[in-house]
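The values are calculated or read from the model by the stated rules, or taken from the named source; none is laboratory data. Keep in mind that what you see is a predicted model, and the values were worked out from it rather than measured. Neighbour counts are summed over all protein chains in view; Cβ atoms, including those assigned to glycine, are modelled from backbone coordinates with ideal geometry. Side chains are part of the model used for accessible areas, which takes the heavy atoms of the whole protein and leaves out ligands, DNA and RNA. Shrake-Rupley method; radii C 1.70, N 1.55, O 1.52, S 1.80 Å.
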Amino acid sequence: MDDVSHQVSARETGEQAIIAKLSGVTRDYPAARGAKPLHALGPIDLELKQGEFFSVVGPSGCGKSTLLDILTGLSPPTAGTATFEGKRIHGVPDGVGVVFQEDATFPWLDVEANLSFGLKQLQLSARERQDRVEQALRIMGLVGFRSAFPAQLSGGMRQRVCIARTLVTQPRLIVLDEPFGSLDQQTRLLMGDELLRIWRETGATVFFITHSIDEAVMLSDRVGVMSARPGTFIDMLETGWAQKRDSRNVADPHFGKLTGQIWGKLRGEALRQMQLQNDVAL
Amino acid sequence: MRNLGPPLIFLVLLLLGWDVLHLQIANGSISSPREAGARLVALMSGARFWADVGETGFAFVIACLLSIMFGVLIGVGLGLSRLATEAFEPILVTFYSLPKVILYPLVLLAFGLGASAKIAFGVMHGLVPMALLTRNAIAEIKPVYLRSANVMQLDGFATLRLVLLPAVLPELVGGMRIAFSLSLLGVLIGEMFAAKRGLGFAAMNAMGLGDINTILAIGLFLGTFSVLANVMMLSVERSLRHVHSNSVTQAA
Amino acid sequence: MRPPGLLAALIVFGAIGLLETACQTGLLQHSVVLPPSEIAASLWNILQSGAFNRAIFLTLSNIFITAALAIFFGFVVGVLLHSVSYLRAGLEPFLASYYAIPTFIFYPVFIVLFGVGSASIIAISVLLAIVAMITATLSGLDRIPIVLRKTAKVMRLNTLETAVSILLPSALPYLVTGARLAIAYAFIGVIASEFILSGQGVGYAISYAYNNFDNQTMYGLILLIILIVVGTNMLLDAFDRRQPTQTARNR
Ligand SMILES: Nc1ncnc2c1ncn2[C@@H]1O[C@H](COP(=O)(O)OP(=O)(O)O)[C@@H](O)[C@H]1O
Ligand SMILES: [Mg+2]
């Protein structure tokens, strides 16, 4: 299992710098009352290459969000080590931006204030701050909504605000956790295009979590396929897309081949995960 | 019962604090928990006390039932009509935040001295929260429940019995718990200055005599009663919400 | 869109009109209920003469002190209970049944502790009002989405910054509701204590007027209290509506 990722990364290390690295990472959740501790994740080995678009796809509940927490330093691994830019991760490192699965807009601030909020931490001139906000508003198509409050926006627009709020800090690693989960398919495809554009323009590394095979294949350079809980990588494949790509690649025969291949691996895992979930509930 | 430990420890600490108050701060002019307990036992072995309890209990039961019944009716009325809500909710909310004692002269005018006055006073306290909570429960029923009931071809009565009632029941029980507490409070306050019987009167009487021991004994009795009753109602409320099976919580 | 409260105001004025007619036509006896016009006139006289200014000032300042203490300490206790789950488990069953116990009966105990007068009344009323604030603080803190705490971490805020710029604003709607309840209970506690127990303030003045069959003064003062409560509510409503957070809750 693990050697898959090793092979790929071994081949690549010569060409590209590694921005983040997980080795032997696992996560146990402590026992709730009257239950065993839950082994939720791992062991995971992963090397994220500078500037790549990496996706993780796996069944719901397999530990994807747990993996995100560890990679971003939101919570420490139970075992193993995680590094970002060569330094061990303790707390969220500088240069990491996260877009969460849940709506994380601040309902008490309008869109513009939401965006500039994260910039207060950085020592920027007022001018620079304003420029970055304007740029993010423009990129995410939020200019007309700058003084709207999140409650007045649709779910898709709120997720745009979250992405924009991450972009203004100009992170070197952007981590997204099923960011388009609540959107309809067409909006998802378009948002995917925008994400690709941002990725190209900023040169940031993207770590993208999804349960959607299509989304993973369409967007990524590399897709990690996760097993049922406790999630480990059971496959790691290169899509081979050109850097300049967009959602129209779903019409490419290669797209069908890749999704078919992933589903072949994932079907059994998804079944197993459903079984797991039922067992717990009974 | 779940987790009795912490509340019991808190109770012990409360009694200890009370004892410290008795020993240190007030030089013994506040009786100790032991003395108050003994006084309560003495009271409870007399007929007068139980007559007072009966008196208060009767008024309370009626007040509580009336609060719940009319509270639910008003709440349903408000829940079904936006116009009614717009017209009456502000009035109810204001009434809720009004010190209702100042209306006592009016209550006495309308009902005279006696049981009906204190019942009225209990209802004045319990009715409004019951109505407002019922309205909220109804406002929060998901429209898809009603559409599902339609699809299942339930008639009006079956929809009410099988869908609407179970949907609002946990909230209703929560409302009843509050109506319970507040109508008891209303009845007791009513008794404090418009009755010659009942626990409220007994407490008022003891206050006049400066008999702190009896006051604390009555407080102990009322406190024990309402805590036990509330704990019971809370557990009913919890079981009605159907979300507390251990395994399911863990899976979430 | 009708302005909020318009319908309710119309109903109240209609009811006042009806009452006025009932009184003027003799349907209600003058010795029992005064017509609203006379009540208003009486209130006007009371305010003009200044005879009750001291009582009114005393009552209002006690209410203010009570509300301030209850809101502050209710918040502090709420935060404490939220962070120490054992404490919370111990206290919660008692918080839930708190309102059934008439705090007033412990007045003599407070007299022993604080003496006769405002301090005892304030202590009793704080005891009545604080629970609403504690409960509201707890539910506000409970409902802070976990994702917002994570966001604070991603933005690398320290504990204080997180508390001030994320946790507090997120819980604010609940805190405001709790503060409003605490204010309502401060009114109830202070005026009821004065009415039942003490020889001071507007509450006592109402009770005194009632016992002396002084209907003019009694109704005038009752109207005064009602107007102050309504006024306070309207003021707080206006303040509430300025908060964007309130609407944000409904998503
Ligand atoms: N804080 C937690 N405590 C206990 N168990 C948790 C916690 N967070 C997640 N889990 C469990 O760990 C497993 C993986 O969760 P998660 O990482 O959220 O999965 P995914 O994001 O892939 O859907 C799930 O079974 C979930 O129930
Ligand atoms: Mg997840």
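Can you give me the pair-distance distribution of the range C:52-250, C-alpha pairs, 5 Å bins, whole percents?
Per 5 Å bin, starting at 0, the Cα pair percentages come out as 1, 7, 13, 16, 16, 14, 11, 8, 6, 4, 2, 1, 0, 0.
With a 1.4 Å probe and every protein chain kept in, tell me what percent of the accessible surface of the range B:1-97 is carbon plus sulfur. Walk me through the numbers on the way to the answer.
Values: 4250 of 5750 Å².
On the range B:1-97, the fraction of accessible area on carbon and sulfur atoms equals 74 percent.
Just from its helices, what would the mean residue ellipticity at 222 nm be for chain A, if runs of 4 or more DSSP H residues each count -39500 (n - 2.57) and the sum is divided by every residue, rounded to the nearest 500 deg cm²/dmol?
Working: 8 runs with 108 residues, N = 282.
Using -39500 (n - 2.57) per qualifying helix, the result is -12000 deg cm²/dmol.
Among A:49/C:150; A:36/A:87; A:36/B:142; A:36/A:64; A:49/C:153, which pairs are too far apart, with a Cα-Cα distance over 31 Å?
A:36/A:87; A:36/B:142
Could you list which residues have their amide H under 5 Å from that of residue A:41, counting only those 5 or more apart in sequence or on another chain, with H placed in the peptide plane?
A:27, A:231
For all pairs of alpha-carbon atoms in the range A:178-235, what percent lies in each bin of width 5 Å, listed from the first bin to the last filled one?
In order of increasing distance, the bins hold 4, 16, 28, 24, 15, 10, 3, 0 percent.
The range B:177-243: percent of C-alpha pairs farther apart than 19 Å?
Value for the range B:177-243: 43 percent of Cα pairs lie more than 19 Å apart.
Could you derive backbone 3J(HN,Hα) for the range B:189-194 from the dihedral phi with the Karplus parameters 6.51, -1.76 and 1.60 (θ = phi - 60°), listing whole Hz in sequence and x where the residue is Gly or Pro?
The phi angles translate into 4, x, 5, 5, 9, 9 Hz.
Estimate the FRET efficiency between residue B:113 and residue C:25 by the formula 1/(1 + (r/R0)^6), using the beta-carbon distance for r and 30 Å for R0, to the nearest 0.05.
0.55
Carbon and sulfur together cover what percent of the accessible area of the range A:164-221 at a 1.4 Å probe radius?
Carbon-and-sulfur percentage of accessible area, whole number: 48.
Taking amide H positions as placed 1.01 Å from N in the peptide plane, with prolines and chain starts having none, which residues 5 or more places from residue B:197, or on another chain, fall under 5 Å of its amide H?
Hits under the 5 Å cutoff: none.
Which semi-axis lengths, in whole Å and largest first, follow from the square roots of five times the eigenvalues of the Cα gyration tensor of chain B?
That gives 39, 26, 15 Å for the three semi-axes.
With a 10 Å radius around each residue's Cβ, average the other Cβ atoms per peptide and rank C:134-144, B:43-53, highest first.
Going by the mean number of other Cβ atoms within 10 Å, highest first, we get C:134-144, B:43-53.
Could you derive backbone 3J(HN,Hα) for the range A:245-262 from the dihedral phi with the Karplus parameters 6.51, -1.76 and 1.60 (θ = phi - 60°), listing whole Hz in sequence and x where the residue is Gly or Pro?
Once rounded to whole Hz, the list reads 9, 8, 5, 5, 5, 5, 7, 6, x, 4, 4, x, 4, 5, 4, x, 4, 5.
Using +1 at the C-beta of Lys and Arg and -1 at the C-beta of Asp and Glu, which of A:100, A:41, A:56 has the Cα lying farthest in the positive direction of the dipole of chain A?
Value computed over the given set: A:100.
Mind jotting down the distance between the C-alpha centroids of the range C:64-121 and the range B:199-215, whole Å?
Answer, in whole Å: 22.
Using only the Cα atoms of the protein assembly as shown, construct the convex hull and provide its projected area averaged over every direction, in square nanometres to one decimal.
If you wrap the Cα atoms of the protein assembly as shown in a convex hull and average its projections, you get 40.8 nm².
Express the accessible area of the protein assembly as shown per residue in Å², computed with a 1.4 Å probe while the remaining protein chains stay in the model.
Normalised by residue count, the accessible surface of the protein assembly as shown is 47 Å².
Tell me, rounded to the nearest percent, the portion of alpha carbon pairs in the range A:101-170 spaced more than 16 Å apart.
38 percent
Going by amide H atoms built from the backbone, whose H comes under 5 Å of the H on residue A:19, apart from near neighbours?
Long-range HN contacts for residue A:19: A:48, A:49, A:50.
Cα centroid distance between the range A:211-246 and the range A:48-101, in Å?
16 Å
How much accessible area is lost when chains B and C come together, counting both sides, with a 1.4 Å probe, in Å² rounded to the nearest 100?
Separately minus together, B and C give about 4400 Å² buried.
From other protein chains only, count the Cβ atoms within 10 Å of every residue's Cβ in C:188-196, then give the mean.
5
Order the peptides A:96-102, C:15-21 from the highest to the lowest mean number of other Cβ atoms within 10 Å of their residues.
A:96-102, C:15-21
Give a residue-ordered list of calculated ³J(HN,Hα) values for the range C:114-122 (Karplus: 6.51 cos²θ - 1.76 cosθ + 1.60, θ = phi - 60°; whole Hz; x for Gly, Pro).
10, x, 6, x, 4, 4, 5, 4, 5
How long are the semi-axes of the equivalent ellipsoid of the range A:53-179, taking √(5λ) for every eigenvalue λ of the Cα gyration tensor, in whole Å from largest down?
Value: 27, 18, 11 Å, ordered largest first.
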